Amino acid sequence: MVFNSAAEAKLDITGLVNWETMRLNTEVTLDLASANLRLPAGRTQGESLLIAGYSTLIRPHLLELPVDSSSTLGDLVNRGDFFLTQVDVIASGANALPPAMRPDMRTMTVQHSISLLNVSTSLLQHSRPSPAVRTLSPVTAANYTGIIIIAAENLPVHGMRNSALPVPCLFPKIWDSEMNLIYDRNMLETRNSLMVRYSSLPNIFQSNPTGLSDELRQIVGDRPLRIFARGVFGINPTDLIIDRADALLIISSEANRRLLAQGRVVFILDESVLKYEF
């Protein structure tokens with residue numbers, strides 16, 4: 001995307017949304033000649049153009065972020081459930097590196113990194129978590145340290161005759177095979193937690209006793225419950241369906257229900273959906 005200021009300065013943004021690190025990273029570039037700037041005198045003005053350009057250029061990409069199976073951040077704004085001023089606050093809260101010159105001395109750049117946790121926190125409204133689902137017929141279940149749901153291939157879409165590759169969003173739901181809701185955003189204990197983390201298959205097949213990467217062990221511990229998803233649900237295939245028997249292992253135990261409340265949940269997805277560039 002290219003942005004032209006009143007002075008016809010050529011500004012361009014590129015970026016990467018990385019669902020494994022839960023960050024949106026951007027680089028804004030300014031062509032100095034297009035702004036009629038020369039170094040060293042024009043450096044300060046160039047930096048000002050970069051800062052202003054970032055605020056304008058990042059907004060549409062934030063609005064494209066998938067919030068849940070049916071809505072983007074832009075959809076929430078259009079419905080009046082979120083405001084552009086809040087989007088701009090998220091953008092301004094990014095970590096930024098100082099503007100720098102490229103080796104050709106013709107282009108100035110600045111890099112920003114937005115935590116998707118900050119986006120999630122801005123969207124969560126509840127002050128008290130909803131209680132996790134319970135069952136009248138609990139089963140005997142071990143106390144696990146986390147929950148891993150493996151969904152790294154095409155899965156049947158509930159209510160449809162086709163299949164789809166599950167994709168990430170900020171607030172995916174978990175359903176059981178009887179279409180009982182097992183997990184949604186309102187069950188989180190604190191707004192400052194991610195509902196779900198995303199990772200790829202190699203990170204659960206490491207050469208150590210747990211088979212998990214260090215990053216995953218920090219989230220789900222050494223004894224996670226591992227589940228294979230049975231299907232997907234939603235307008236976009238973000239919500240996972242697990243077998244009722246697996247769901248009972250979670251909801252039959254207070255300790256395991258707390259794993260949901262604490263966001264100790266990882267979805268293992270195909271690597272192709274875990275990053276996208278713009």
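The values are calculated or read from the model by the stated rules, or taken from the named source; none is laboratory data. Since this is a predicted model, take the numbers as computed values, not measurements. Because the Cβ atoms are built from the backbone with ideal geometry, glycine has one as well, and the counts that use them run over all protein chains shown.
Residue under question is SER122, and the condition is that it be assigned to a helix (DSSP H, G or I), among the polar types (S, T, N, Q) and within 21 Å of THR238 (Cα to Cα); does it hold?
yes
Checking LEU76, LEU84, LEU97 one by one, the residue that is assigned by TED's automatic domain parsing to the domain that holds GLY15 and within 18 Å of the chain's Cα centre (by Cα) is LEU76 and no other. Every condition in (1) out of contact with any Leu (no Cβ under 8 Å at 6 or more places or on another chain); (2) more than 21 Å from SER272 (Cβ to Cβ); (3) assigned by TED's automatic domain parsing to the domain that holds SER252; (4) part of a loop (DSSP other than H, G, I, E, B) is met by THR140 except one, and the failing one is (3).
Please verify whether LEU155 is farther than 30 Å from PHE83 by Cα, among the hydrophobic types (A, V, I, L, M, F, W, C) and surrounded by 17 or more Cβ atoms within 10 Å (Cβ to Cβ), treating the condition exactly as stated. Taking the combined requirement at face value, the residue satisfies it. All of (1) farther than 17 Å from MET160 by Cα; (2) over 21 Å from the mean Cα position of the chain (by Cα) hold for ARG230 with one exception: (1). Counting only residues that are in contact with a Pro (Cβ under 6 Å, 6 or more places away or on another chain) and either closer than 20 Å to ASP184 by Cβ or surrounded by fewer than 17 Cβ atoms within 10 Å (Cβ to Cβ) (or both), the stretch 97-126 holds 0 of them.
Residues in the stretch 256-268 that are out of contact with any helix residue (DSSP H, G or I) (no Cβ under 9 Å at 6 or more places or on another chain) and part of a loop (DSSP other than H, G, I, E, B): GLN262 only. Tallying residues that are touching a Pro at 6+ places or on another chain (Cβ under 9 Å) and either surrounded by fewer than 18 Cβ atoms within 10 Å (Cβ to Cβ) or modelled with pLDDT under 95 (or both) within the stretch 194-212 yields 1.
If you take just the strands (runs of 3 or more DSSP E) that sit entirely in the stretch 1-96, which of them hold at least 1 residues that are crowded, with 20+ Cβ neighbours inside 10 Å? Spell out how you get there, then give the answer.
Working: elements: 2-4, 10-18, 23-31.
Answer list for the stretch 1-96: 10-18, 23-31.
Among the residues here, THR145 does not qualify as closer than 25 Å to ARG217 by Cα, surrounded by fewer than 16 Cβ atoms within 10 Å (Cβ to Cβ) and among the β-branched types (Val, Ile, Thr).
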